[in-house]
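Contents: one structure, followed by commentary.
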Amino acid sequence: LAFCIARQRSDDPTKNALKAPNKNWSRAFERRHPELKARRVRPIDWKRHDKNIYNKVWEWFGVIRNVLDDPAVLPENVYNMDETGVMLSMLGSVKVLVGKDDSRDYRGVGIKRTMVTAVECISADGRSLLPLIIWPASTHRDNWTTYETPGWHYGHSENGYNDSKVNLEWFRRVLEFCFQNKIVLCRLPSHTSHKLQPCDVGVFAPLKTAYRDQVERLYRRGVETVEKSHFTSLYDPARRTALTRRNIKSAWAASGLFPFNPQRVLEGIPKPAVEQPGLEVVPPCPQEEVLESPVTPVTPVTTDALSSLHNLIKQDTCGLDEPRRQRLERHVEKLASAARISFAKQTLLQAHNGLLIKHNNESKVRRSTRSVVLGKAKVMSYEDLQDARAKRAEKEKASVDKLKVRRGRKRKSAAQE
């Protein structure tokens, strides 16, 4: 909201020199408006039970050290695979402005509790492989993959989880490939994935945050419930946002593997000790620039131009007597406030219209695609789905052409019969 208004206020036609508001902007906004306060509304979540895993982690690092010490094992050849469940329309917590007397810390949304599983694989040098998506269904549907995802694979299970059939198919393909190419498989000890698995440590959290942000944007376009047909168009930009080289490398470093540093994990295992939070250094606020008044009054089209005109009017009222000057200043102040509010609303409406146009273009493709069965295989790639879609289109076209030929034939007259 603040950044959109700042872009509208700027006189720079390119608007590239603007910087997003820093983390202290919201606090300064609260100080300027004491009748409001910011509150983070968050869903109630369950806490994982703490385990005494120190010995497991210590022994595992001793085993994995022997593997990683091999000079032939390079970072670009070390991968970590894990799965994560994504709720189709589960929203995250957001900051909202409420009255001080409002004690609610929740909001109502339409949630369809449908789980989709995504299997991701990342390398130690910061790359990510294309995912496997598991639908909660018994067949592959045409309108679920209208968003182009070349190279992705799709599976299905009864509830969207990685069941035994999908696991068997995955093991058959992956293990056979590993054995043929002499790839070493390493298993993580139980109850330690939140400390040792790079995907869990530093990738899935920003991935789900980015996905919830995409869902939030879709809700703002007027979509109340996220369907399977929306998933790929939301998950793909979320992957591009979260699965960056920097995030992936940070995940491997946080798990103590690349660079190899077991103490980074062992020091973070929960123990009955109170940790003192470190002091956060707040960067200095940028100094405000002095607004230059225009030489000739013109019709303002930005908030900055309006402020300049407002200051110019104040200077021109210095020659008036005190009662008239005060009355004129009050009227001008009301007029300036109304104009600022109008400019802000216009900026927000333009941003909202942009989201609506994008959603309308995407929904046209989904509405024009029927929900037909493309295949019943347990796992199909995006290219397989495209081939099945093309074959079905050819078959339907042949049926239509055959029907046209039948309709075009002349019926025999009664005399000829």
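Kindly indicate whether L129 is over 26 Å from the mean Cα position of the chain (by Cα) and modelled with pLDDT of 90 or more. Answer is no for this residue. Of the residues making up region 358-372, just one is exposed (fewer than 11 other Cβ atoms within 10 Å of the Cβ) and within 20 Å of the chain's Cα centre (by Cα), namely N361.
For region 26-57, residues that are modelled with pLDDT of 65 or more, farther than 24 Å from L97 by Cβ and surrounded by 11 or more Cβ atoms within 10 Å (Cβ to Cβ) total 4.
Checking each residue in region 156-199 for being more than 24 Å from V73 (Cα to Cα) and not in a helix (DSSP H, G or I) picks out H156, S157, E158, N159, G160, Y161, N162, D163, S190, H191. Taking the conditions (1) part of a strand (DSSP E or B); (2) more than 12 Å from M380 (Cβ to Cβ) in turn, G151 satisfies each one other than (1). In the set (1) modelled with pLDDT under 75; (2) in a helix (DSSP H, G or I); (3) under 30 Å from Q197 (Cα atoms), the condition left unmet by D304 is number (3). Look at region 248-266: where a residue is in the same structural domain as V203 (by TED's automatic domain parsing) and a partner is modelled with pLDDT of 95 or more and aromatic (F, W, Y), sitting 6+ places away or on another chain with Cβ atoms under 8 Å, you get F258/W252.
The residue pairs whose first member lies in region 201-230 and is at negative phi, whose second member is among the charged types (D, E, K, R) and part of a helix (DSSP H, G or I), and whose beta carbons are closer than 6 Å, counting only pairs six or more residues apart or on different chains, are S229/R366. Considering region 214-254, the residues that are out of contact with any strand residue (DSSP E or B) (no Cβ under 8 Å at 6 or more places or on another chain) and outside any helix (DSSP H, G or I) include one that is nearest to Q197 (Cα to Cα), namely T244. Residues that are of a type in the set (A, V, I, L, M, F, W, C) and more than 26 Å from R65 (Cβ to Cβ) are absent from region 181-195. Does E396 satisfy the condition of being among the acidic types (D, E), modelled with pLDDT of 75 or more and closer than 28 Å to T117 by Cβ? Considered against the rule, which asks whether it is among the acidic types (D, E), modelled with pLDDT of 75 or more and closer than 28 Å to T117 by Cβ, E396 comes out as no. When you scan region 331-349, do you find a residue that is under 28 Å from the mean Cα position of the chain (by Cα), among the small types (G, A, S) and within 24 Å of T139 (Cα to Cα), even just one? Within region 331-349, not a single residue is under 28 Å from the mean Cα position of the chain (by Cα), among the small types (G, A, S) and within 24 Å of T139 (Cα to Cα). Within region 115-130, residues that are within 18 Å of S255 (Cβ to Cβ) and assigned by TED's automatic domain parsing to the domain that holds A242 reach partners that are part of a strand (DSSP E or B) and of a type in the set (F, W, Y) with beta carbons closer than 7 Å, at six or more positions or on different chains, in the pairs C121/Y79; I122/Y79; S123/Y79. Has region 145-166 got at least one residue that is touching a residue at least 12 places away in the same chain (Cβ under 8 Å), within 20 Å of A253 (Cα to Cα) and within 25 Å of the chain's Cα centre (by Cα)? Within region 145-166, not a single residue is touching a residue at least 12 places away in the same chain (Cβ under 8 Å), within 20 Å of A253 (Cα to Cα) and within 25 Å of the chain's Cα centre (by Cα).
The values are calculated or read from the model by the stated rules, or taken from the named source; none is laboratory data. Since the model is a prediction, treat every value here as computed from it, not as a measurement. Here Cβ is always computed from backbone atoms with ideal geometry, including for glycine, and neighbour counts include all displayed protein chains.
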